[in-house]
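Everything on this sheet refers to the single structure shown next.
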Amino acid sequence: MSLVRSRLLQISRIPVYQVRNAGHGYWNKDFQPGFDIPKTPEEKAAVAKKYNLLPEEYQPHQELHDIGLSMGDYPKVPDVAEVRKDIYYPYDLPTVRQNYGEARSPNMLFLTGEKSDPNYHEVNRWKDWQMFLALFGTVVFMFSGCLVDLKFFPPVAKRHYYNDGMKHYSYEPAE
């Protein structure tokens, strides 16, 4: 019994550390965008490496920087919603369809699965209108059939009276 107990104590005392070997940044400051837009090709290559992009893929948000809404050196990435990404690709984070270290659009909070998709194009709704009008027309037709005063007995002619306008009998006592 003591052997089993001592063995369980040894197993429970094994230190467990979480080790992450992916990526090249280790501090929070390494993941923050820089303040200035890189100017030289060497700076652009360093920033592209920081965001796991090829140097020719890196493009800063120059138009936002010009109007005073600078994103720093953060790359300009296309707005692709989660619903537009391949569902069969083995993502590192499958719930948000993202790989570790992948640069995300600044608008990514608005592009999650339950929110809008900027690439969604409205389809022609004529088919939907046809179905709606067919259903609504059928219901109106059925209810209008109930409202029409239909006679379900054979037609009869008007009553014929002998000498119209004359009184043939009365309920007064005879004299």
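Read-outs throughout are calculated quantities, based only on the coordinates presented, and are distinct from any laboratory measurement. All values reported here derive from a predicted model rather than from experimental measurement. Backbone-built Cβ (ideal geometry, glycine too); neighbour counts: all protein chains shown.
Any of Lys44/Lys76; Lys49/Lys76; Lys49/Lys85; Lys39/Lys76 with alpha carbons more than 22 Å apart? Name them for me. Listed pairs above 22 Å: Lys49/Lys85. Each Lys or Arg adds one and each Asp or Glu subtracts one; over the other residues with Cβ under 10 Å from the Cβ of Gln98, this totals 0.
Proximity of backbone amide H atoms, modeled 1.01 Å from N, is registered between Gln98 and Asp92, Leu93 at under 5 Å, excluding neighbours fewer than 5 places apart on the same chain.
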